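**Q** Below: one structure in structure tokens.
The values are calculated or read from the model by the stated rules, or taken from the named source; none is laboratory data. This one's a predicted model, so the numbers in the text were calculated from it and none came from an experiment. Here the Cβ is made from the backbone with ideal geometry for all residues, glycine too, and neighbour counts use every protein chain on show. In case anyone asks, the SASA skips ligands and DNA or RNA and just uses the protein heavy atoms, side chains included. Shrake-Rupley method; radii C 1.70, N 1.55, O 1.52, S 1.80 Å.
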Amino acid sequence: MDGSGTESGGGLRRKRLKVPVDDAALRELELGDIVFLDGVIYTGREGLYQRILGDGIEPPVPLREISNANFHCSPAASVNDDGTYNVGAVTATASFRFSKWLDAWFETSGCKLIIGKGGMSPEDYKTQLAPNGAVYLTTVGYGTGALLGRAIKRVVDVHWLEELGIAQAMWVLDVENFGPLIVESDFEGNSLFEQQNKLVNEKVEAAYEGLKPPALARYGETTNREDEVV
Amino acid sequence: MAMIKADAIEEAAYELTAKAAIEIPQDYRDGLRGMLKGEEAELSRFVLEAMLENYEAAEQDRRAMCADTGVPRFFVKAGNEAQIEGGFVELETRLRRALARATHDVPLRPNRVHPLSRKDNNNNVGIGAPEIDYTFEPGGNWVDITTVHKGGLFGSDYRMLFPGDGIDGIKRFFLDVMYEFGRRGLACQPAIVGVGLGGSKDIAMTLGKQAACLRTVGDRNPDQQVAALEDELKEMGNSIGMGPMGYVGSSMVVDCHIEVGCCHTGGMPISIHSFCLSSRRAVARLHGDGRIEYRTDPNWFTPYSRRESVEWTEAEQSLAVV
């Protein structure tokens, strides 16, 4: 599977994107496009955000000079005795948890691509990603760890391995044909998950029809089945 | 009688850890192919095809299929005559040692951390980790070791229902879990959905987890009433209009497995668990004569484990699988 593939899903558009990405390329992306990346990306999640944004520690490298693509990821990786790295699979971790860091993160990192699992809230796209000229690419499945791991040409560097551990460290990865990823939010801040949710919600009440409610309710439970828990 | 060697236990557990992480069980792969045949929505089809291709890439490269290698754990079933070199304390030591080594060598992601300090030993071993569950089977000098790598965050829930809630209550709770964790694909569906019904509260949770992780796609509970409900819940989950990643589709439940245990007369505790698109399990049987046989069906639930009677009679024994 790559940018030129012809598997089913033939109606879906496939794109190769060079990282760092520029505005023009991002502007062309439509919700549901299948994207493959070439270039350098880096991992960053709560550990990295806490150190840089929470504790105010200088980033280990000038982020803007490295890449503008932040991957919400912990690799299945190990460090060999000689100091080299063995990266097996890579998949994303659920992104909604990092919402509170977005504002400061865009200012600090200049990120234009967020790659993760499960997307952010529609509000985050409108108030954070779109105003900062960023789009969100979701991993597929989840997750295609072997396909994404295979696309890593080289581990450029690993920062704060000691401080944050293997899972939370900042892995800088040189990738080729890294995907598949799906365009989840576009340049205007529209969301594919939100659109699909609306379609799914049209049938929710019908699914429960005729089933009597349980004798004992749950304390504080929501009664609106169209709500998301994210 | 010959002893099951401690070295063999460590070797098998190390091999199983790699196999589980890399090789998707054939029953699940076939189940997913079946879902693809019935799936009409374009995005959902794309996701299923990408996953099937991912399994091939994992096997070709001998790399983990998913970087969230879950919280690896072991299920041990001992034949009643099993003689283990060094006893069960040695067995546990060997399982922990094998997992620590395999975590580095495969590699797995070192997922296990202390819940408060968040300290990571970087080897998936720590307090209570890996969990080791035990069961026993009449006869035989053998031990079955099953490893399961299941993701840990989404797709499971527990609720105390009451007898009057009946099948309606079960169905509603099932739908609740499908919708709650299906949106955005948090449950990494389509999944093998396990339902634990009855027992004490903790056993309701355990039965559901084991139903999801330790039975194969296509397997049915021998109790016909339970089996009919398995079919019904599977069908219901696949007809709510949702598919992989919460996109519009029809692929939510690769299979549904229900395990029951007798419960308090006033209640009907229920748990639901989703074993994900990387449904990782691998099994080895170690014999006293040194043979090791690998397979993917844990054969955890048997006529003996599901017995109702006080005694284990000859008539029942004739049905037992050993």
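**Q** Quick check on region A:181-197. Is at least one of its residues at pLDDT below 95, open to solvent by less than 10 Å² (accessible area, probe 1.4 Å) and in contact with a strand residue (DSSP E or B) (Cβ under 9 Å, 6 or more places away or on another chain)?
**A** Taking every residue of region A:181-197 in turn, none turns out to be at pLDDT below 95, open to solvent by less than 10 Å² (accessible area, probe 1.4 Å) and in contact with a strand residue (DSSP E or B) (Cβ under 9 Å, 6 or more places away or on another chain).
**Q** Okay, next question. Is there a residue being at positive phi, within 14 Å of chain B (Cβ to nearest Cβ) and either assigned to a loop (DSSP other than H, G, I, E, B) or open to solvent by 60 Å² or more (accessible area, probe 1.4 Å) (or both) anywhere in region A:21-42?
**A** Yes; the residues of region A:21-42 include at least one that is at positive phi, within 14 Å of chain B (Cβ to nearest Cβ) and either assigned to a loop (DSSP other than H, G, I, E, B) or open to solvent by 60 Å² or more (accessible area, probe 1.4 Å) (or both).
**Q** Can you tell me how many residues within region B:146-158 are under 13 Å from the mean Cα position of the chain (by Cα) and open to solvent by less than 20 Å² (accessible area, probe 1.4 Å)?
**A** Result for region B:146-158: 5.
**Q** Let me confirm something: among B:Ala67, B:Ala50, which residue is touching a strand residue (DSSP E or B) at 6+ places or on another chain (Cβ under 6 Å) and closer than 27 Å to B:Asn123 by Cβ?
**A** Going through B:Ala67, B:Ala50 in turn, the sole match is B:Ala67.
**Q** Residue check: is B:Gly87 open to solvent by less than 30 Å² (accessible area, probe 1.4 Å), touching an Asp or Glu at 6+ places or on another chain (Cβ under 9 Å) and away from chain A (no Cβ under 11 Å)?
**A** no
**Q** If you don't mind, another one. Answer yes if at least one residue in region A:95-108 is surrounded by 23 or more Cβ atoms within 10 Å (Cβ to Cβ), within 14 Å of chain B (Cβ to nearest Cβ) and within 13 Å of the chain's Cα centre (by Cα), and no otherwise.
**A** Yes, region A:95-108 contains at least one residue that is surrounded by 23 or more Cβ atoms within 10 Å (Cβ to Cβ), within 14 Å of chain B (Cβ to nearest Cβ) and within 13 Å of the chain's Cα centre (by Cα).
**Q** Got a sec? Which of B:Ala57, B:Ala100 is facing chain A (nearest Cβ under 8 Å), among the small types (Gly, Ala, Ser), under 24 Å from the mean Cα position of the chain (by Cα) and farther than 29 Å from B:Gly139 by Cβ?
**A** B:Ala57
**Q** Shifting gears a bit: Restricting to region B:295-322, count the residues that are free of Cβ contacts under 8 Å to residues at least 12 places away in the same chain and open to solvent by 50 Å² or more (accessible area, probe 1.4 Å).
**A** Count: 8.
**Q** Which one of these does A:Ile152 not meet: (1) of a type in the set (A, V, I, L, M, F, W, C); (2) surrounded by fewer than 19 Cβ atoms within 10 Å (Cβ to Cβ); (3) more than 7 Å from chain B (Cβ to nearest Cβ)?
**A** In the conditions (1) of a type in the set (A, V, I, L, M, F, W, C); (2) surrounded by fewer than 19 Cβ atoms within 10 Å (Cβ to Cβ); (3) more than 7 Å from chain B (Cβ to nearest Cβ), A:Ile152 misses (2) alone.
**Q** Within region B:258-294, can you find the residues that are of a type in the set (Lys, Arg) and touching a residue at least 60 places away in the same chain (Cβ under 8 Å)?
**A** B:Arg280, B:Arg281, B:Arg285
**Q** Of all residues in region B:112-131, which are open to solvent by 30 Å² or more (accessible area, probe 1.4 Å) and away from chain A (no Cβ under 14 Å)?
**A** Of everything in region B:112-131, those that are open to solvent by 30 Å² or more (accessible area, probe 1.4 Å) and away from chain A (no Cβ under 14 Å) turn out to be B:Pro115, B:Leu116, B:Ile127, B:Gly128, B:Glu131.
**Q** Any idea which residue in region B:180-190 is farthest from the other protein chains (Cβ to nearest Cβ), counting only those that are open to solvent by 10 Å² or more (accessible area, probe 1.4 Å) and assigned to a helix (DSSP H, G or I)?
**A** B:Phe181
**Q** A follow-up question, please. Identify the residue in region A:67-86 that is modelled with pLDDT of 95 or more and of a type in the set (A, V, I, L, M, F, W, C) and, among all such residues, is surrounded by the fewest Cβ atoms within 10 Å (Cβ to Cβ).
**A** A:Ala69
**Q** Would you list the strands (runs of 3 or more DSSP E) that sit entirely within region B:191-294 and hold 1 or more residues that are within 14 Å of chain A (Cβ to nearest Cβ) and open to solvent by 10 Å² or more (accessible area, probe 1.4 Å)?
**A** Correct list: B:268-275.
**Q** Moving to a separate point now. Any residue that is open to solvent by 10 Å² or more (accessible area, probe 1.4 Å), within 12 Å of the chain's Cα centre (by Cα), at the interface with chain B (Cβ under 10 Å from one of its Cβ atoms) and closer than 20 Å to A:Lys198 by Cα - is there at least one of those in region A:117-130?
**A** Among the residues of region A:117-130, at least one is open to solvent by 10 Å² or more (accessible area, probe 1.4 Å), within 12 Å of the chain's Cα centre (by Cα), at the interface with chain B (Cβ under 10 Å from one of its Cβ atoms) and closer than 20 Å to A:Lys198 by Cα, which makes the answer yes.
**Q** Within region B:74-84, can you find the residues that are more than 14 Å from B:Ile132 (Cβ to Cβ) and open to solvent by less than 70 Å² (accessible area, probe 1.4 Å)?
**A** B:Gly79, B:Ala82
**Q** Another question, if that's okay. Is it the case, given these coordinates, that B:Arg109 is touching a residue at least 40 places away in the same chain (Cβ under 8 Å), within 14 Å of another protein chain (Cβ to nearest Cβ), touching an Asp or Glu at 6+ places or on another chain (Cβ under 7 Å) and open to solvent by less than 70 Å² (accessible area, probe 1.4 Å)?
**A** Criteria met by B:Arg109.
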